[in-house]
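The values are calculated or read from the model by the stated rules, or taken from the named source; none is laboratory data. Bear in mind that the values here come from a model prediction, so they are computed numbers and not experimental data. In this analysis, Cβ positions are derived from the backbone assuming ideal geometry, glycine residues included, and neighbour counts consider all displayed protein chains. Ligands, DNA and RNA are excluded from the accessible area calculation, which covers all protein heavy atoms including side chains. Shrake-Rupley method; radii C 1.70, N 1.55, O 1.52, S 1.80 Å.
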Amino acid sequence: MKNLKTMTDEELVVLYAKGNNPAFDVLLNRYKSSVHSYIYYIIRDRDLAEDIFQETFVKVIMTIKQGRYTESGKFKAFIMRIAHNLVIDNFRQERNENTISNDEVDVDLFNDVRLCDGTIEDNIIQNQVFDDVKKMVKHLPENQREVLEMRYYQDLSFKEIADITGVSINTALGRMRYAILNMRRMAEENQIELSFS
């Protein structure tokens, strides 16, 4: 029998699914550093990064044990995608917990000129631009939309995007280039002005 450390990820997954727990230990040791670094890089909180790291590997274990792991040859991308989704879930949950209702305070927080950067008209124009951009993003091919959202909304590097999506950096860069070109074309065709001024 081959030494576990010399086996491919796929061989180790098959062994682990059959009950060989040391096979998973090898997988964990292979990827724990890069997964933890990725999570911490985005979260910037050691305790929270550790929690998400643990949850990532619990999900990996459950997926394998339930026979739902099917991505042959891309185990690292599979783990990174789970970690990425958990990070996003955390940000969504955090955002919902920090939402303030205007009904809970005596002062009108949303229409106090001292607390605003611009007028209501400025905000309406800005919101319209954001809505137009969101609509155009929805019309992009999925692989271009994915790269654009990871780059601009999640502030990931092209190397991170390439790792998570399982493509080369050049492919990720190419998808971003085509996404921007497609959005420019859509803006011109629909006479959409993409500026706040």
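Scanning segment 61-76 for residues that are in contact (Cβ under 8 Å) with a residue 60 or more places away in the chain, at negative phi and open to solvent by 50 Å² or more (accessible area, probe 1.4 Å) yields SER72, LYS74, LYS76.
So, ILE88, is that one at pLDDT below 90, assigned to a helix (DSSP H, G or I) and open to solvent by less than 40 Å² (accessible area, probe 1.4 Å) or not?
When the stated conditions are applied, ILE88 passes them.
When segment 21-57 is filtered for residues that are farther than 17 Å from ILE88 by Cβ and either of a type in the set (A, V, I, L, M, F, W, C) or not in a helix (DSSP H, G or I) (or both), the ones remaining, listed by number, are ALA23, PHE24, VAL26, LEU27, LEU28, PHE57. Against the definition (at negative phi, surrounded by 13 or more Cβ atoms within 10 Å (Cβ to Cβ), at pLDDT 80 or above and not in a helix (DSSP H, G or I)), how does LEU156 come out, yes or no? Yes: the conditions hold for LEU156. When segment 1-20 is filtered for residues that are part of a helix (DSSP H, G or I) and open to solvent by less than 80 Å² (accessible area, probe 1.4 Å), the ones remaining, listed by number, are LEU4, ASP9, GLU10, GLU11, LEU12, VAL13, VAL14, LEU15, TYR16, ALA17. Considering VAL58, VAL105, the condition of being modelled with pLDDT of 90 or more and exposed (fewer than 15 other Cβ atoms within 10 Å of the Cβ) is satisfied by VAL58 alone. A count restricted to segment 21-44 and to residues that are surrounded by fewer than 13 Cβ atoms within 10 Å (Cβ to Cβ), under 22 Å from the mean Cα position of the chain (by Cα) and of a type outside the set (Gly, Ala, Ser) stands at 1.
Yes/no matrix, rows are residues, columns are (1) in a helix (DSSP H, G or I); (2) in contact with a strand residue (DSSP E or B) (Cβ under 6 Å, 6 or more places away or on another chain); (3) over 20 Å from TYR38 (Cβ atoms); (4) without any contact (Cβ under 8 Å) to a residue 60 or more places away in the chain:
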| site | (1), (2), (3), (4) |
| --- | --- |
| LEU140 | no, no, yes, yes |
| ASN143 | yes, no, yes, yes |
| VAL147 | yes, no, no, yes |
| TYR152 | yes, no, no, yes |
| GLU160 | yes, no, no, no |
| ILE164 | yes, no, no, no |
| VAL167 | no, no, no, yes |
| ALA172 | yes, no, no, yes |
| ARG177 | yes, no, yes, yes |
